[in-house]
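Here's the structure, in structure tokens; my notes come after.
The values are calculated or read from the model by the stated rules, or taken from the named source; none is laboratory data. This is a predicted model, so every value here is computed, not measured. As a convention, Cβ positions derive from the backbone with ideal geometry for all residues, glycine included, and neighbour counts pool all protein chains shown.
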Amino acid sequence: MEYLPLVSIITVVYNGEKKIEQAIQSVLGQSYKNIEYIIIDGGSKDGTMEIVKKYQDQLRWISEKDEGISDAFNKGIKIASGEIIGIINADDWYENDAIEHVVKNFQGNDVIYGDMRMWGNEKIEFVVKGNHEILKDEMTVNHPTVFIAKACYDKFGLFDKSYRCAMDYDLLLRLKVNNCRFKYVPKILANMSLAGFRNT
């Protein structure tokens, strides 16, 4: 029987009206359809929520003040129902077959990740390739391409709210030292805007 697990995708956003629709459409337009999409908004003051509400029949959302990005990630994970969880930032977007490739590779693994295309001024600047083998020395697994089994969050914990940055590195190291099974998919799964990267 074909393996078609529910995949939960989480986007956290605060005042992201310029890019949020691109992220939303990249999730809702996936070739793989068994997806639960959750948006965690930190109480945006711009037009972010007006855009989100255009799609509210196709996703779930929460809009309230939070304690930072790790807290927002954790809110999404706690309400996620999927066996697999991915997180895509509001100014990033998936390739349209990204989740299909993740699901094909997930059985027998705990963490799936791939490559990420970096964009600047509407053109491709470079591609960042992931490598979990050297994770103990440097952050080489690109967060927007990462998909983690919900069972791993349940067993090893969520994002550490004390971190204002590198919370994803902390989490991945925790999973690595606890012998979670990582698998690299040699394919571009996600795209990142260099403008958003420089503003984080």
Using the structure shown, decide if Gly29 is under 20 Å from Thr145 (Cα atoms), surrounded by fewer than 21 Cβ atoms within 10 Å (Cβ to Cβ) and modelled with pLDDT of 95 or more.
-> yes
Quick one: count up the residues across region 94-117 that are over 27 Å from Lys155 (Cα atoms), part of a strand (DSSP E or B) and touching a Ser or Thr at 6+ places or on another chain (Cβ under 9 Å).
-> 2
The condition of being at positive phi and either of a type in the set (Gly, Ala, Ser) or out of contact with any strand residue (DSSP E or B) (no Cβ under 7 Å at 6 or more places or on another chain) (or both) holds, among Gly47, Gly82, Gly16, Gly43, only for Gly43
Scan of region 136-158 for residues that are of a type in the set (S, T, N, Q) and outside any helix (DSSP H, G or I), ordered by number | Thr140, Asn142
Residues in region 118-133: is at least one of a type outside the set (Ser, Thr, Tyr), modelled with pLDDT of 90 or more and within 25 Å of Glu17 (Cβ to Cβ)?
-> yes
Listed by first then second residue, the pairs whose first member lies in region 46-58 and is within 17 Å of Tyr14 (Cα to Cα), whose partner is among the polar types (S, T, N, Q), with beta carbons under 7 Å and at least 6 positions apart or on separate chains, are Asp46/Asn15; Thr48/Asn15; Met49/Ser63
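Condition (residue is at pLDDT below 90, under 19 Å from Phe126 (Cβ atoms) and of a type outside the set (A, V, I, L, M)) applied to region 166-185: is it met by at least one residue?
Filtering region 166-185 for residues at pLDDT below 90 gives 166.
Those still in the list that are under 19 Å from Phe126 (Cβ atoms) too: none.
No, every residue in region 166-185 fails to be at pLDDT below 90, under 19 Å from Phe126 (Cβ atoms) and of a type outside the set (A, V, I, L, M).
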In this structure, is Lys129 over 15 Å from the mean Cα position of the chain (by Cα) and under 11 Å from Leu189 (Cα atoms)?
-> yes
Matching residues, region 1-36, being closer than 18 Å to Glu100 by Cβ and either charged (D, E, K, R) or in contact with a Cys (Cβ under 6 Å, 6 or more places away or on another chain) (or both) = Glu2, Lys33, Glu36
In region 73-118, the residues that are more than 22 Å from Leu194 (Cα to Cα), of a type in the set (Gly, Ala, Ser) and crowded, with 17+ Cβ neighbours inside 10 Å = Gly76, Ala80, Gly82
By residue number, the members of region 32-61 that are more than 30 Å from Asn105 (Cβ to Cβ) and surrounded by fewer than 16 Cβ atoms within 10 Å (Cβ to Cβ) are Gly43, Lys45, Asp46, Gly47, Glu50, Lys53, Lys54, Gln56, Asp57
